[in-house]
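Here's the structure we're looking at; comments come further down.
The values are calculated or read from the model by the stated rules, or taken from the named source; none is laboratory data. Not measured: the values here are computed from a predicted model. For neighbour counting, all protein chains shown are included, and Cβ atoms are generated from backbone atoms with ideal geometry for every residue, glycine included. Surface areas here come from the heavy atoms of the whole protein model, side chains and all, with no ligands, DNA or RNA. Shrake-Rupley method; radii C 1.70, N 1.55, O 1.52, S 1.80 Å.
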Amino acid sequence: SLLERAGLSFGRSGLKPAPVPRELAAPVNRRAAARRGTAAPASSAPGAEPQPQAPEQAPEPRLDFAPGKVHSIDRDLLARHGLIQPEAHVTRLLEEFRIIKRQVLNAARKAETAGANGSARRVLVTSPLPDEGKTFCAANLAIALAAEKDSEVLLVDADFAKPSLLSLFGLPRGRGFMDVLANPQVRLEECVQATDIAGLFVLPAGHHTNSDSEFLASHRTAEVLARLTASAPNRMVIFDSPPALAATPASELARHVGQTIVVARADRTGQSALEDTLTMLSACADLKLLLNAAHFSPSGRRFGAYYGQEGEQ
């Protein structure tokens with residue numbers, strides 16, 4: 001044949017086929033190994049080349065809040081708006097939000113034990129319609145969470161059209177959440193305001209734009225929110241969003257949080273509005289209902305009276 005004549009011409013008639021082993025090495029299931037987060041084992045066959053291993057992905061760096069100034073929260077404003085007084089005596093209002101925060105913290109721990117990411121520590125607070133108390137509940141929940149030992153809370157004003165948290169606490173205006181989403185050059189940690197309530201930080205809404213919903217729907221939102229809880233297991237993030245049936249930010253943020261608290265006012269929220277709201281927020285797997293302004297308790301509990309004081313709200 002042509003090959004045999006070529007071998008005789010070049011003096012390579014002694015070539016032989018390569019030896020074939022009787023048993024081949026077991027195939028490596030690279031996809032399954034990657035799913036388990038481990039590298040594929042190298043083949044143990046004689047003469048086999050070692051399989052390359054993918055480098056381990058470095059954990060996301062922790063985002064620390066280290067503003068140069070600590071802002072004082074006006075305690076008179078807190079009292080005027082009926083909010084929890086951090087240094088005051090225990091009241092019925094404080095005890096009720098202690099119960100709420102305990103359920104939120106337990107849900108976050110359970111979700112993370114089951115393998116959920118940091119979204120379990122991101123909590124959205126909203127309501128079906130305006131004037132149902134969602135900002136009141138978000139602020140009180142944040143103050144109650146800040147009292148946890150070795151923990152910190154970031155309260156985010158996500159009501160870009162009608163922000164109210166800064167005026168509620170007596171904090172100065174500044175750049176905030178929307179500025180970070182709209183401009184990649186704006187650093188989130190430089191917009192966070194530290195407060196004199198230990199463990200409580202506030203992120204203002206920032207400057208309102210005509211494309212708030214579009215910025216929230218962008219990939220940058222997921223990146224920014226992931227950084228908030230990355231490598232920070234002791235940090236809770238509370239979002240005060242607009243009413244779900246009045247603006248779109250609530251339904252957009254529901255895709256990035258692990259828990260959503262829907263505030264329903266006992267003397268105002270209708271059943272149809274509540275059902276429509278739950279449908280719009282269905283992207284969040286854990287929906288909770290909070291009944292606000294309820295003056296009747298079937299159990300007759302009076303937390304403030306137990307401690308010798310009766311809260312009024």
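In the set ALA144, ALA138, only one residue is modelled with pLDDT of 95 or more and either among the β-branched types (Val, Ile, Thr) or touching a Phe, Trp or Tyr at 6+ places or on another chain (Cβ under 7 Å) (or both); that residue is ALA144.
Within region 253-269, the set of residues being part of a loop (DSSP other than H, G, I, E, B) and either in contact (Cβ under 8 Å) with a residue 60 or more places away in the chain or surrounded by 14 or more Cβ atoms within 10 Å (Cβ to Cβ) (or both) comprises ALA254, ARG255, HIS256, VAL257, GLY258, ARG268, THR269. Taking the conditions (1) in a helix (DSSP H, G or I); (2) aliphatic (A, V, I, L, M); (3) modelled with pLDDT under 90 in turn, ALA58 satisfies each one other than (1).
Kindly establish whether VAL186 is farther than 22 Å from VAL104 by Cα and either open to solvent by 40 Å² or more (accessible area, probe 1.4 Å) or not charged (D, E, K, R) (or both).
In short, yes.
Among the residues making up region 232-241, those that are modelled with pLDDT under 95 and either open to solvent by 10 Å² or more (accessible area, probe 1.4 Å) or of a type in the set (Lys, Arg) (or both) are PRO233, ASN234, ARG235. With respect to the stated conditions, ALA283 fails to be in a helix (DSSP H, G or I) and either surrounded by 22 or more Cβ atoms within 10 Å (Cβ to Cβ) or free of Cβ contacts under 8 Å to residues at least 40 places away in the same chain (or both).
Applying a threshold of 7 Å to beta carbon distances and a minimum spacing of six or more residues, or different chains, the list of pairs starting in region 194-220 at a residue that is of a type in the set (Gly, Ala, Ser) and ending at one that is at pLDDT below 90 reads ALA194/PHE65; ALA194/PRO67; GLY199/SER151.
There is at least one residue in region 110-128 that is over 13 Å from PHE239 (Cα atoms), surrounded by 19 or more Cβ atoms within 10 Å (Cβ to Cβ) and either among the charged types (D, E, K, R) or modelled with pLDDT of 95 or more (or both).
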